[in-house]
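This report refers to the structure that appears directly beneath it.
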Amino acid sequence: MRISQIITSLFVALLVSLAVGVASGAYTNINEDPVSGTYYTGKVYVAETVFEPGTFFTGDKGTVTYKITNGNANTSIKLNHAIFRDSTFSLLSGNYDTTSTLGPLQTRPFTFSIVANGAAGDYYPTFSVSLYDSDLNHKTLLQIDNTPLELTVVDKPDAFTQGKKKTIDLQVANPRKNNVRNVILTATGAGITANPERIFIGDLAAAAKIPVNVSITPDQETTLILHLTYNNGDNPHDVTLEIPITFGHDKKQADPVMSNIQVTPEGMSYRVTGDVTNAGLETANAVMVTALPPAIPEDPYKTYVVQALKPDDFGSFEITFSTDGTVESVPVQISFKDNDGNIYTSVQDITVPNGRLAAVKDNGPPLVPIIAALVVVAIFVGGWYFYLRKKKQ
C-alpha cells in the first residue's frame, strides 16, 4: 500500500511539473519544427500598420501594409497564411498562402490592396497570420471620411467692371486627417480672361491651408467657375465654387473729387485751378485732369498730372483752355489708374463766365484812359475853334 501511494505521489508530481513547463514554454522555451527545422516562439507582433491613403473616401482604392517583427534575438520563426478580413473593405489582391521564414529581430511587410465600400465611419479590419503553434490576430482603426477640401473666398471686389482686371483672394484648406496630393485650381467662365488660368498647389498636409489669388477680366456679366482637383492616395476628387460676376460700382476703389475750383478768364482763354481729393479707400495712381469738348485745351496746361493720391490725400491742379464763347459750362475729366493698371475716369462740369463777352469785358481797354483821351480831344477841338474865331475878329 505504501509503495503504491509513493508511486502515485511521484506520478502526480511529474504531471504538475510537466504542466508548469508547458505553461512557461510560451515565453521561454524554444521549440523546433521537425519538418523544416525552423524555430518559433511567442515573441512575434505587428510593429506597424500603414494605410495609403491614411483616410479613405467611400469608393477609394488603396493599400494597407502590416509589418511583422520577430522579437527573438536568437531564433527564427515560420509564418503561414497572412490574411486580411473585413466586410466593409473588399480585398482586391490575394492573401498570402505561402510559408516564409522570419529571422531573429527581422521585420517583414505584408501589403494588401483594398477598396472602401462602406459609409463614413470607423472600422477595424482584421489581419491574421498563422505561426507554428498559434495564430496572430491584429486589428487597427481604419476610417472612411467623405469630407472634401474647402475652397473659400477671402476677399473680392464689391462689383466688377467690363474689361477691367480685378483680383479675388481665395483660400484652399484641408480639413481631413490625411495629406492630399496634386492639388490644382483652375479658373474658367464665359467671357472671362483669368490670370493665371491654372494654379498648381501640390501637396497639402492635414489641417493645412494656403492662400491663392486669381485675377480676372470679364467682358460680360457671367459666372466664374473655380474648379479644385486633388488626389486622395491615387483617387481623384474635386470641388467646384461658382462666383457670379456682375457689373457695378466698387465701393472700395479710389474716388478722386475736385474742389476749391477757381475760373479766371485770360483774354479769349480760361485758367482753372483747384484741388483733387481721393475720397476712396484705395490709391489712385497717375491722376490727370483735362478739359473736354467743347473746351479746347491750350498751353501751358492742356493736361495736369497730379501723380498718385492715397486715400484722403489731395493735390492741386491747373489747366488752361479756350471756348467758342457761347458755352456756360465745361466738362472737366479726372482719370486715374488702379494697382492693376486699369484706367478709370469721372467728369465734373464747371461754370465759366459768358464766353467771349465776359472775356472782352474783363480784359478790354480800361475806361479811364479812354475818357481822358476824349477830354484831351475835346479841349483841343475847343481851343482850335476859339483860336479861329478870335482870328476872324
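Here are some notes:
- Residue-level accessible surface for M258, protein heavy atoms, 1.4 Å, Å²: 10
- R0 of 45 Å, Cβ-Cβ distance K177-V257: FRET efficiency to nearest 0.05: 0.25
- Per residue value of the accessible surface for the range 111-252 (all protein chains in place, 1.4 Å probe), Å²: 49
- Extending 7 Å from Cα along the Cβ direction at V153 and again at A205 yields two label points whose distance is 3.1 nm.
- A 1.4 Å probe run over the range 59-108, with the rest of the protein chains in place, finds 48 Å² accessible per residue.
- Relative to the current alpha-carbon distance between T58 and L131, full extension at 0.36 nm per residue lengthens the span by 22.9 nm.
- The apolar share of the surface of the range 151-232, taken as the fraction of accessible area on carbon and sulfur atoms (1.4 Å probe, ligands and nucleic acids excluded), comes to 47 percent.
- For the range 242-289, the carbon plus sulfur part of the accessible surface works out to 53%, probe radius 1.4 Å.
- Once the Cα-Cα distance is subtracted from the 0.36 nm per residue extended length, the E266 to Q162 segment shows a gain of 33.3 nm.
The values are calculated or read from the model by the stated rules, or taken from the named source; none is laboratory data. What you are looking at is a predicted structure, and each value in this text was computed from that prediction instead of being measured. Ideal geometry is used to build each Cβ from the backbone, glycine not excepted, and the neighbour counts take in all protein chains shown. To get the accessible areas, we keep the full protein, side chains included, count just its heavy atoms, and leave off ligands, DNA and RNA. Shrake-Rupley method; radii C 1.70, N 1.55, O 1.52, S 1.80 Å.
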